[in-house]
Every structure is written in C-alpha cells, then in structure tokens.
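As structure tokens, the structure follows; a few thoughts come after it.
Any read-out appearing in this document is the output of simple, stated calculations on the displayed coordinates, not a laboratory observation. Just so it is clear, the model here is predicted, and its values are computed rather than measured. Cβ: placed from backbone, ideal geometry, glycine included. Neighbour counts: every protein chain shown.
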Amino acid sequence: MTTLTTAGAPAPARSKGVRHAPHTRKARRKAAWIGLLAWIVGIVFCVPALWMLLTSFHSEPDAATNPPSIAAPLTLSGYKVFFGAGGGASPWPPLINSALSSVLSTALVLALALPAAYALSIKRVRKWTDVMFFFLSTKMLPVVAGLLPVYLFAKNTGLLDNVWLLVILYTSMNLPIAVWMMQSFLADVPVSIIEAAQVDGARLPTVLLRVVAPVAAPGIAATSLICFIFSWNELLFARVLTGVRAETAPVFLTGFVTSQGLFLAQLCAASVVVSLPVLAAGFAAQDKLVQGLSLGAVK
Amino acid sequence: MPLKQRRQGTYVRLGASVAAATLLAGCAGAGGGGGSSSGGGGGGKALNVLMVNNPQMTELQKLTADNFTKKTGIKVHFTVLPENDARDKFTQDFSNQAGQYDIATISNFEVPFYAKNGWLAPLDSYVKKDKAFDQADILGPMQESLTGDDGKLYAEPFYGESSFLMYRKDLFAKKHLTMPAHPTWQQVADLAAKVDGATPGVKGICLRGLPGWGEMIAPLTTVVNTMGGTWYDKDWNAQLTGPGFEKATKFYVDLVRKHGEAGAAQSGYAECLNDMTQGKTAMWYDSTAGAGSLEASDSPVKGKIGYVPAPVDKTKTSGWLYTWAWGVQKASKNQDAAWKFISWASGKGYEDLVGKKIGWSNVPAGKRASTYSNPDYLKDASAFADITKKSIAGVDPKNPGVQQRPTPGIQFVDFPGFTDLGTKVSQEISSAIAGKQSVEDALKKSQALAEKAGKEQK
Amino acid sequence: MSAPVTTRSLPPADASRTARRGGRAPGGGARAWATRAPLMPALLFLIAVTQLPFVATLVISLFDWNSLAPGKRHFHGLSNYATVFTDSDMRDSVFTTILLTVTVVVASVVIGLLLALLLDRKFFGRGIVRTLLITPFLLVPVSAALLWKHVLYNPEYGLLNGAWSWVAGLFGDHTPAQPDWISNMPLTAVEIALVWQWTPFMMLILLAGLQSRPAETLEAARLDGAGPWQMFRFLTLPHLRRYLELGILLGSINVVQNFDAVFTITAGGLGTANLPYTIYETFYQAHEYGLASAAGVVVVIGTIIIATFALRVVSSLFTEEAGRA
C-alpha cells in the first residue's frame, strides 16, 4: 500500500519549506494574501458550525430572530434544558448508550481485525486480495436491505432495544474498513521482529499483542478513531432497533425538534454536546483522521 | 515453563475482563427499564411509554417523576418523538407485538384495526374496578371512537380535539374586518387576502403543508368533506379526481400558496403553532388543542385570538375528531401498572395538577365533560372552552361528508393502508404547494395510488 | 468474542513445524489452515452478520406480507418484484440516488481540491484554519442535517434568510424576499448540506496527496521555468490521480447510502427520496415487509454489478504492493 505515498521513491521526508520560502518581499506579500484568503475561506466554511455554537448559548427568543441577533446576551439555558432542567428526559442514558456501543464495537473490531490483518499482510493466505475485496464489497451493500431481517431476528431473540445488538451491527459495519486499514499498517511491520518472536516460541496471540500491536500502535489508534466516529454517528439501525433502554444519542437528537414553540437554542446545545466527543477526538488526532479515512492508503 | 504460564494467565485475565464488561453492561442499555440503576431484584416496576412530542405530552413527562412515580413506585421511561416518527415506531412495535413499549399514544385512527388484530389489551375490567377514574365522564364521541368492533374499550383519551379556525382579533380590527360567527371557506379565503400583510411579515392564514397523513391530510380532508368530495365512495372506489376532491384541493393549495405561511410545504402543526405564537400569521385552521398553547401564560398572543367553528361549504359542520389516547400493548407484561399510569394521566386529578402547576389553559382537555364545568378551567380557557366542546360534540365520524363512506373517519379513512396512502398523496400535494407540479398532476398520481389501495379493501 | 478462542485452539503459524510435516505445496493442509486461522473469526463474523440477513431478505421477498394485515401473509411468488420494477417511486428514487451521489461527490471533490491547494501553502495559523475546515465532517451527521434544516434553511428564522434581511436592511429594504429554500430546491438543499459535510473529507485526502509530492521534482520543474498552472497540470494533477480516485470511491460508497440527511431535511418529500429512504419507508411506514425485501434484493443485485466495476478501480489503486515478500 505504501506505493500510494511514495510513487516509487523511498518515502521522502516532507518537503521542508523548500517550495515556499518567502525569499523576496513580493513573495512574502503574496504569502500574506494567501494566508488572509485561507482564513476567510476557513471561517466562511465553518460559519454554520460556529453559528450553531453561538446559538446554543442564546436564549430561545434571541435564537429565532430575523435578522439574527449576533450580539444577544449569552446564556446556558439551552444546555440546562438539554441536561434535563425543567423535567425533560435526561440525555445521559442515550449518551452512555452511544459511548458503550461505540467503544465496545471498536474493541471488538480491533480484536477481529488485528488477526485478520495479520493473515492478510504478514503471513498471507492464498488469494488474500480476493479476501480483501470481499471485505470491502460488504461495505457497498445497502444497509437498509438488511434492516428487516435484523429487526425480526432481534425481536424473536429478545435482542431488541439492546446495546449488544448495536455492538454487533456496528462491528460488522466497521470491520471491513478496519481490516483494510490494519492490513496496510501491518504491512509496515518489519518481518524480522515477528520471526524473532516466533523463534522464541511465542504463540500468535502473544505475537500480535506483544510484538505487532506496539509497532502498529499509531495505525491501531487511527483505526479505533474511525470506527468510534462511525459508530457514534450511526442513526438508521439505532432508530429502528432501539427504544427506551438502548436509545443512542443521534436518535435522542431527532426527538429534540418539538412543537413546543421555540427549540433552536436547545437543538443547537444538544447538537454541540452530542458532537463533542467526535469533535474532540477528531481535533486531537487530525493526522490519524487522514490515515483512517483513506483506509490506510495515505500515511 | 514460567513464561508460557504467564502468557496463559494473560489470556485468562483478558477473557475475565471481557466477561466482566459483558456483565457490567448488562443485557440492555443505560436507559433502565428494570436495568441496573434500580438495584438488584427490582422492587419497583417500570413502564416504557412511547409518546408524540406535543406540548401536553412533554408536560406530562416533566410531571411524572414527582407526581406518579413517587406515589406508586412505578418508574416510567418515555420515548418522545415527532408525530410521524412516533407513529412509525408504535406501529412497528405493536404490529409485531415486540413488546418494547407497554403503552403508546395511539389515536382513534389506530384503535379500530389494532383492536381487530388483537394488538391491544382491553381495558374494560380496569375501568370497572377503578371508580375514581369515572369512565362516564369521558365525552361520548371519544369513548365511541376508542371502542373496538367487539364493543370492548381499548384506549383512554389523554386529550381530544376537533378543528376550528383561530384568528387574530387585533389584526382584524386594524384592517376593519369582521369574522363571521360561522364562516364559509370562501369567506375565509377573502379574509385571508385582505388581512395578508396587515403588519409587515404577517401572512393571511397558516394551513399545514407538511407531508404526512396526520399532518397536511387532516385539514385538507375536512375541506374535501365539506366541499362535497371524498377519498372513497361506499364501495371503495377512489374519488381523488372527482369534482369535490379536486375543487377542495385546488382551493387549499391556492389559498396556502397565495396567502399562506412561508415554507408551507414544510410546515405542519408545530410550525404553524410557532407562526401563530410568533405573530406571523393572522389566521390558522387547525386543532382545537392549539388554543391551549396560544393562550398559555407565556404566549405573546394570549388574549388576542378569536375562535370560530371550522369553516364550511356544503356541510353544516366540518371539524375533525381526533384524540391521542393511551393504548396498552397486548404483549406487555406490565398491564396492571400500565392501567395505573393511564388512570393517573387521563384522570381528573391530572387536569387539576396541570392547571395548578402549569396553567389551566395547558390542561389536556377535550375528553371529559367535567373539564368544561370546572370554574378554574373556564376562567382561563373561556376564549375557547365552549367552542371546543361544541366542536367535539358536533362531529359525526360515520357521516362527515355529503355521501356514504365505506368506513368511519373524518380527516382520515380508517383502514391500515391509509398511513402509507395518505403519506404518499400528501407528498404529491405538498409538492403542488411548493409549485413543483400542478394540482391536477398531483391528484392524477394520487388517484392511481388510491385505486390500488382501495382494491385491496373490496 | 470468538477471536481469542479460535486462535488459541489452533497452532500458530510455525514454519518449521509445517516443514517437518513434509512441506506440502503452499496452501495445502495444515499449514494453509494455520495461516487462515487468524482470518477466520473476522471472515465468519462478517459473513454471519452481513450475508445471512440477505438470505432472509430473499425469502421474505417472496411473500405478500404486510405487518398491518397479519392474517393475510402468504406466498406470493415473484409478484413483489413485478411491483418493484413497475413502481414509479422506485424508479424515481434510483434516479435521485444517482443524481445525489454524483453531485455531492463531484462538488465536494472540486471544492475539497481548492481548499487543499490553499492549505498546502504556508501561512500564519494554518493549523487553526485546517481545524475550522474539518469541523463539518466531525459533526454528527444527524445534527448537521438538523442544523441545516432548522437553523439555516428555515424561511422564518433561519440564518440564510436572517442574514439576507440584515444585508437588505442595510440598503433600506425592509421587506426583502425570504425564499423557502427547502421547498424551492429540495434536492439541492440536501446536496448542499452533504457537500458541506463531505468536502473536508476530500480535502484531507487530497491534502495528504499534495504533501506527498516529491519536493525534488517540484524544485526541478521550478528551476526549468514551469509556471504554476503548468506545474499543477503536469505534475500535481497526475500525482493526485490516485488520491482523487480514492476520495471519489470512498465518498460514493458513503453518499450512496445516505439516509440521515434525506430523512432529516425533507423526510423524503418533494422528490428527494433516495433508495435507502424509499426502502426504509416501505418497510417502516408502509410496513410492506415483502415489498421492502424485494426492493432490497434488487438494490443488492444492482450494487453488486456496480461494485464489480468500482472494485476494479480500487484494485488499480491498490495493486502494487509494498516491498514485502
């Protein structure tokens, strides 16, 4: 997979400013203009999200004015309502359910994908590329076509409205991506250290946990991040298959549009809180995000 | 081989921790429903309730913990969703008897065929035992509409509604207009044209345009009824391209396009309520339940609104009949507790509680005769109490139009396929409201859908 | 859970032991199984969870089964398929799906490329700008869709019309036009919201591509007197080809299945129902289980055909391998 980055040549160090070194005043001025442009574009692009953040701190009447009241006084009332002030439903159960289903499914994905990736990149099975494409092809199948059988299965086995059902489904949803990513990351693990460990008589699980995992740690982190985000965001399964006990945060969000007059500030506050874990994780690990999103093809 | 033993130990530990995590997470989610939060054993029962997120329900949700759970020890877990979503969900759950929810807010649309299919638990025995509930106090048309073909009672109303016309008295005065005591639709259209723009940004009338058989189809069908149209004749022949249906739909679409609210094709009950509360529309033809929110103490239009019966054309009355009622799923294992909840939520005491805690105009009314003789309620709700009661009492679900119908129902046709048919037809008409196609085209497509659905009923 | 169990019960891949057993042809017997063992849990899990339901879907699709009419369920042969192929809603949604996917992917690739080119320059606060630009991708899709529908597009109090009346007010126009965005251009409204969410994704991939250009080649070209456009056209674009293909492929896989935005912004109304939404509606609102399953089967078959081509593209992306023997 590394070919993508290197295009034949051995991985070059990032071009260290050779290109844009602002030698002359003209070049420096040009760089300044580009910086300004980039800032404007960045802010404009982000306006909807920034507006959401601002609105979440407004009172309901201020949030629904036309023209908009940018300078309206800030308040936490939207957040207070979201967190159940005034007797509304508490957001904690859905948030906890989302966290449980995302974290547990990510763990399960890693447990399955790591050995699979080993068999696809280190000690390769025959026709390993076919297997890889089989994994990817399941990702192309329409989720919605499997919804009904899964619902009926869950109903008859009492798994309806159960976080574990979501864990299983999210695992299958993310497993193909994870296998692809891990395959490309494990391909970078030097064979020599694995062989050394095996000469010592270590069994495969030990090799994976003690030798492969530490070397591939950054890749595993990227994989986890992506799986976490996709699970946290999932709506369709959660909507159809959960009810009171296993309701997840995105489903909870859809119930936030009320007919009880104004709801914009609450809705924005709710959106901010529900998006916060993903935003935090994504901001903290921007480089991992790139690796993850490209199935590990971009490193 | 100490090394190997240590490795095996790692695995045992790994397995153990996975098992522990499994146990910790339980076999459910964090929401409870008899989950770990109440501790082992579970002294108190828990109910799962699915509700539409109308204001009356969200107020109920807020009052439940302190006033119901404290007394009975029964925990109540709510799922509160917008109407279309809630309907998808309870239909799914009840029709499969999946038992996720003990109680759901269902309506007089669902009760007849839910009862026939055996998806609801009959309530007669509970009603008989629970004298304080006073079933005789429930308004006649309500009770009738929640009774199955077998004569058993299958649901208790939480609140009931008909439809009427609300208008801003102050804006009418400003433009020197008078609202007739019993307006016709033609008069309403003329008034809408005149009052449109009375103050900058005010539209003539708000009418639902949001797709959904429980959204736009409800007011539209009452207009169809009074203008001489019907969905089906008595033999299930679709009549959507018939003169009455077409005239009414054209009238409705024209009115809302010319003098209706902004974003009409995406406006439902909630959006119109918002517009009316925010003073963005001068008239609103909708549910009588809307009045409670408009006259609430924090409403900016409180006291400024007049109420007249649903506008008519060829019939004497044209209001609809609708009730959100508590139905208990047959598969529920907590039916006794469920009745306790229903008895509390639909009881007289709850109306008093809402009156005192939140305000009398917020009371879930329209279901009990006693509500309309309660001096406290009448003091706050005088503007609309009388007309609401008369509207509800004046309806005839079996004969709402000018011709015989195959099945009861005013703003809907009572058969299971209507949710899908109504939704698809409403999408066609909604797109006519958005100006994407002509009413004729919308109805032509709708007629084909209705013919197909009708054939299965013959 | 089965992963550790299976791997423990089978011997690890141990070359020397296999060799001692007689070293059959690679892929034969125990050695092959030892190699396959670590793969099996993931493979079996995925087959069980993603393939078995489709078998059930196939069976259900042969029944006339509406859960609202529980007494009437019966075997129906292929007539659900006849309905699927003659249903105009279904045809429309195929077209909508294609239009939606192509528009969103192309638009977000183009905008993403422009943003990536901008971010490839050095300037003050580049990290912050990058963070701003990826924010839309990190919002939970439902909340982004709700944001567009209620906070931005709403004709009464949405930011778009609000900002417009503010601007118009500056010029003395106090009754500015207040278009109803979602009704006037429903599909475009959905597309814009999706492009906003997917552009950062394309940008990140393309940015990675830009930053992996070999510096020496660029420097050499510059010394040869190549202009910026020539450098972009003849150096950058060819280098980016694979990244573009990768972005398009991954974007398509995701956008084709979009449910959240269509469901939230228009609820499938006004001609925006794509295939996932239409099937969802048949299953969850009409409760026509048989028909929904038949539609599902047809979509799966269609997807397999398209995916075969798509996978060919991927394989061209991933064929060359790293130097592992």
### Message
Considering only C-alpha atoms, what is the centroid distance from region C:214-255 to region B:78-127, in Å?
### Response
59
### Query
Hey, got the dipole for chain B? About the Cα centre, +1 on K and R Cβ, -1 on D and E Cβ, debye to the nearest 20?
1080
### Summary
Length-normalised contact order of chain C, Cα under 8 Å, at least 6 apart, in percent, tallies to 27
### Query
So for region B:303-386, taking the charge dipole from beta-carbon charges (+1 Lys/Arg, -1 Asp/Glu), which of B:F341, B:G366, B:S318 sits furthest toward the positive end?
B:F341
### Message
Charges on Cβ only, +1 for Lys and Arg, -1 for Asp and Glu, centred on the Cα centroid of region C:61-318; of C:L133, C:V195, C:N154, which one is farthest towards the dipole's positive end?
### Response
C:L133
#### Entry: For chain C, calculated [θ]222 nm from helices alone, where every DSSP H run of n ≥ 4 adds -39500 (n - 2.57)
-21000 deg cm²/dmol
#### Entry: Mean Cα-pair separation over length for chain B, i.e. relative contact order, pairs under 8 Å, 6 or more apart, %
22
#### Entry: Ordering of C:218-231, B:127-140 by burial proxy (mean other Cβ atoms within 10 Å per residue, highest first)
B:127-140, C:218-231
### Summary
Measuring from its Cα centre, the protein assembly as shown shows a charge dipole (+1 at each Lys and Arg Cβ, -1 at each Asp and Glu Cβ) which, in debye to the nearest 20, is 3860
### Query
When chain C is treated as a GNM, springs tying every alpha-carbon pair under 10 Å, which of C:E156, C:E281, C:E245 comes out with the largest mean-square fluctuation?
C:E156
### Message
Compute the helix-to-body angle for B:243-259: its Cα long axis versus the longest principal axis of chain B, expressed 0 to 90° and rounded to tens.
### Response
90
### Task
Let me know the mean shielding of A:179-188 by other chains, meaning the per-residue number of their Cβ atoms within 10 Å of its Cβ.
2
#### Entry: Where chymotrypsin sites (Phe, Trp or Tyr not before Pro) fall in DSSP loop in region C:67-134, at most 15 other Cβ within 10 Å
C:F124
### Summary
For the protein assembly as shown, percent of DSSP beta bridges that are antiparallel (nearest 5) comes out at 70
### Exercise: per-residue mean of other protein chain Cβ atoms within 10 Å, C:196-203
2
### Query
Count of lysine pairs in region B:261-382 with Cα atoms under 18 Å apart, counting only pairs 8 or more residues apart in sequence or on different chains?
12
### Task
Rank the residues B:M179, A:M173, B:M283 as a footprinting-exposure proxy: fewest other Cβ atoms within 10 Å of their Cβ go first.
B:M179, A:M173, B:M283
### Message
Which of A:C46, B:C206 has the fewest other C-beta atoms within 10 Å, and how do the rest follow up to the most?
### Response
A:C46, B:C206
### Query
Across peptide B:97-103, what mean number of C-beta atoms from other chains lies inside 10 Å of a residue's C-beta?
4
### Size of electric dipole in chain C: Cβ of Lys, Arg +1 and of Asp, Glu -1, about Cα centre, debye, nearest 20
1780
### Message
Taking the number of other C-beta atoms within 10 Å as the exposure measure, put A:F135, C:F171 in order starting with the fewest.
### Response
C:F171, A:F135
### Query
For the peptides B:312-319, B:425-432, what is the packing order when you average, over each peptide's residues, the other Cβ atoms within 10 Å and list the highest mean first?
B:425-432, B:312-319
### Mean Cα-pair separation over length for region C:32-171, i.e. relative contact order, pairs under 8 Å, 6 or more apart, %
7
### Task
Could you tell me the distance between the Cα centroids of region A:83-127 and region B:378-437, to the nearest Å?
46
